[in-house]
1. Looking at Asp22, Asp66, can you tell me which residue is acidic (Asp, Glu), touching a strand residue (DSSP E or B) at 6+ places or on another chain (Cβ under 6 Å) and assigned to a loop (DSSP other than H, G, I, E, B)?
2. Go through (1) in contact with an Asp or Glu (Cβ under 8 Å, 6 or more places away or on another chain); (2) modelled with pLDDT under 95 and name the single condition Trp10 misses.
3. Return the residues of the range 47-63 that are in contact (Cβ under 8 Å) with a residue 40 or more places away in the chain and either part of a loop (DSSP other than H, G, I, E, B) or under 12 Å from the mean Cα position of the chain (by Cα) (or both); say none if nothing qualifies.
4. Quick check on my filter: what residues within the range 146-183 are in contact (Cβ under 8 Å) with a residue 60 or more places away in the chain and among the β-branched types (Val, Ile, Thr)?
5. Just to check your reading of the model, which residue among Gly23, Gly63, Gly78 is outside the structural domain of Ala155 (by TED's automatic domain parsing) and at positive phi?
6. Please verify whether the range 124-139 includes one or more residues that are surrounded by 14 or more Cβ atoms within 10 Å (Cβ to Cβ), of a type in the set (S, T, N, Q) and in contact with an Asp or Glu (Cβ under 6 Å, 6 or more places away or on another chain).
7. Working only within the range 75-93, note down all residues that are assigned to a loop (DSSP other than H, G, I, E, B) and either under 21 Å from Arg129 (Cα atoms) or under 13 Å from the mean Cα position of the chain (by Cα) (or both).
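The values are calculated or read from the model by the stated rules, or taken from the named source; none is laboratory data. Nothing here was measured: the structure is a model prediction, and the numbers come from that model. Positions of Cβ are backbone-derived with ideal geometry, glycine not excepted, and every protein chain shown enters the neighbour counts.
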Amino acid sequence: MPVRTVHSGWLDLHLVDLTNPDGSTYDRYVEDHGRAAAVLPYNPKTRMALLVTMPRAALRFAGGGDVFEAPAGLIDHGETALRSARRELVEEAGLEVADLEPAGAILTSPGISTERIDLFLAAYDDAQRTGAGGGLEDENENITVVEMPLAELWALMESDAAADAKTRVLVQTLRIRRPDLFS
């Protein structure tokens with residue numbers, strides 16, 4: 001399968017030559033920026049979730065606004081998905097948790113992207129909120145941390161509003177595993 005790199009940087013854009021069963025060929029673009037990890041932190045006592053919002057260029061380009069997201073980020077070279085999820089919780093949400101519960105993985109847009117996001121759930125209590133979060137200053141993330149009742153978050157996921165895919169899957173997974181938290 002011949003591949004030409006069109007752009008290399010934070011993400012790589014490749015043009016891939018594919019062959020049909022009849023021998024004819026065609027090209028497809030592939031965006032590649034590596035694997036990621038996401039975690040939905042929830043407080044089982046208060047029935048709250050910690051989410052983040054941040055300016056997203058793609059959403060603004062398409063005429064949309066910010067969305068609520070589970071803390072997430074790229075997995076650094078040599079890092080595990082579990083370690084990445086813990087790191088992102090500290091950086092983005094100011095939260096340090098001991099235990100993360102695996103919740104599967106998703107392919108975000110397999111028609112164009114290699115992105116795979118490993119998903120986790122994390123129960124927390126207020127004592128584990130060790131910082132303000134907000135992201136790393138040198139990454140210009142401008143993150144706002146939002147604590148939201150799980151029932152309100154579920155209502156948002158059931159509405160017609162577009163939602164972040166990783167967050168939607170994590171909320172649905174938590175609701176299946178712990179429906180008592182949403183009443």
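1. Criteria check complete, one pass: Asp66.
2. Evaluating Trp10 over (1) in contact with an Asp or Glu (Cβ under 8 Å, 6 or more places away or on another chain); (2) modelled with pLDDT under 95 leaves (1) as the failure.
3. Matches in the range 47-63: Arg47, Leu51, Val52, Thr53, Met54, Pro55.
4. Val146, Thr167, Val169, Val171, Thr173
5. Numbers: Gly63 fails: outside the structural domain of Ala155 (by TED's automatic domain parsing); Gly78 fails: outside the structural domain of Ala155 (by TED's automatic domain parsing).
So the residue among Gly23, Gly63, Gly78 that is outside the structural domain of Ala155 (by TED's automatic domain parsing) and at positive phi is Gly23.
6. Scanning the range 124-139 turns up at least one residue that is surrounded by 14 or more Cβ atoms within 10 Å (Cβ to Cβ), of a type in the set (S, T, N, Q) and in contact with an Asp or Glu (Cβ under 6 Å, 6 or more places away or on another chain).
7. Listed by number, the list holds a single entry, Ile75.
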